[in-house]
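The values are calculated or read from the model by the stated rules, or taken from the named source; none is laboratory data. For clarity, every value in this text was computed on a predicted model and none was experimentally measured. Cβ placement follows ideal geometry from the backbone for every residue including glycine, while neighbour counts extend to all protein chains displayed.
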Amino acid sequence: MPCQVKGSVLVKKPAPAVSPGHKNFAISGVLKYTKKSMAEIIDGKALARELREGLKAECAELKEKGVTPGLAVVLVGEDPASQVYVRNKEKACAEVGIASFPHRLPAETAEDELLGLIRRLNEDDSVHGILVQLPLPGRLGEGEKEVIESISPEKDVDGFHPYNVGRVVLGDPVFEPCTPAGIMKLLDSTGLELKGMDAVVVGRSNIVGKPVALML
């Protein structure tokens, strides 16, 4: 097929693979196919470094104006994958100059206690973004919807609040889910013109599949 993205997204041009000048594209690690059908690696790490340098400069400008961007990350439980993910976020914040406010809670935390913490973070002017690490453990997972909806849309950096999901649907996003946004950044970096192409998204999760389909 002329164009594909492995794992989450498949994008293809409506032209046969043998047509002259066609382009194939794949995200997995990531691969781009030129008109000569030679695989070319897209350096996602280099793009990430470029983006972080830009964010670092923006944060420095804000600090000169007396504003230090702040991100609060709420982690409930001891899930190993979530622990690594949160540590990486804290490291990334430190690299670009964002103040990190980690909140680690035990797995047995009651829903009312978690919602109370989120309310306090909503009202904290030093916190500009709130991220609750998912999935939530045990019974808290059953109330995940209420937890997400308790986050102020203006601080919902994951883009999971219904308000922000609606803005993505309208094509006028405030916050976009990070993985779909990353996929779009990778696609944009290739210079590939997506308009007029057919796209197949593998998976329909609220976190990746649905937002990617909307953003494409």
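Which residue out of Gly77, Gly66 is at positive phi and touching a residue at least 12 places away in the same chain (Cβ under 8 Å)? None of the other options fit; the residue is Gly77.
Using the structure shown, decide if Gly196 is surrounded by fewer than 17 Cβ atoms within 10 Å (Cβ to Cβ), assigned to a helix (DSSP H, G or I) and out of contact with any Gly (no Cβ under 7 Å at 6 or more places or on another chain).
Values: surrounded by fewer than 17 Cβ atoms within 10 Å (Cβ to Cβ): yes; assigned to a helix (DSSP H, G or I): no; out of contact with any Gly (no Cβ under 7 Å at 6 or more places or on another chain): yes.
Here the answer is no, as Gly196 does not meet what is asked.
Just to be sure before I move on: is Leu140 modelled with pLDDT of 95 or more and in a helix (DSSP H, G or I) in the structure I sent? Criteria not met by Leu140.
Annotation: of all residues in the range 38-63 being touching a residue at least 12 places away in the same chain (Cβ under 8 Å) and closer than 30 Å to Leu136 by Cβ, the one that is surrounded by the most Cβ atoms within 10 Å (Cβ to Cβ) is Cys59. Count of the range 59-95 residues, restricted to those that are among the aliphatic types (A, V, I, L, M) and over 23 Å from Arg119 (Cα atoms), is 6. When Pro135 is tested against the conditions (1) part of a loop (DSSP other than H, G, I, E, B); (2) under 20 Å from the mean Cα position of the chain (by Cα); (3) surrounded by 17 or more Cβ atoms within 10 Å (Cβ to Cβ), the lone failure is (3). Checking Ile148, Ile183 one by one, the residue that is without any contact (Cβ under 8 Å) to a residue 60 or more places away in the chain, under 16 Å from the mean Cα position of the chain (by Cα), within 28 Å of Gly203 (Cα to Cα) and not in a loop (DSSP other than H, G, I, E, B) is Ile148 and no other. On the phi < 0 side of the Ramachandran plot, over 17 Å from the mean Cα position of the chain (by Cα), among the hydroxyl-bearing types (Ser, Thr, Tyr) and part of a loop (DSSP other than H, G, I, E, B): does that describe Ser126? The answer is yes for Ser126.
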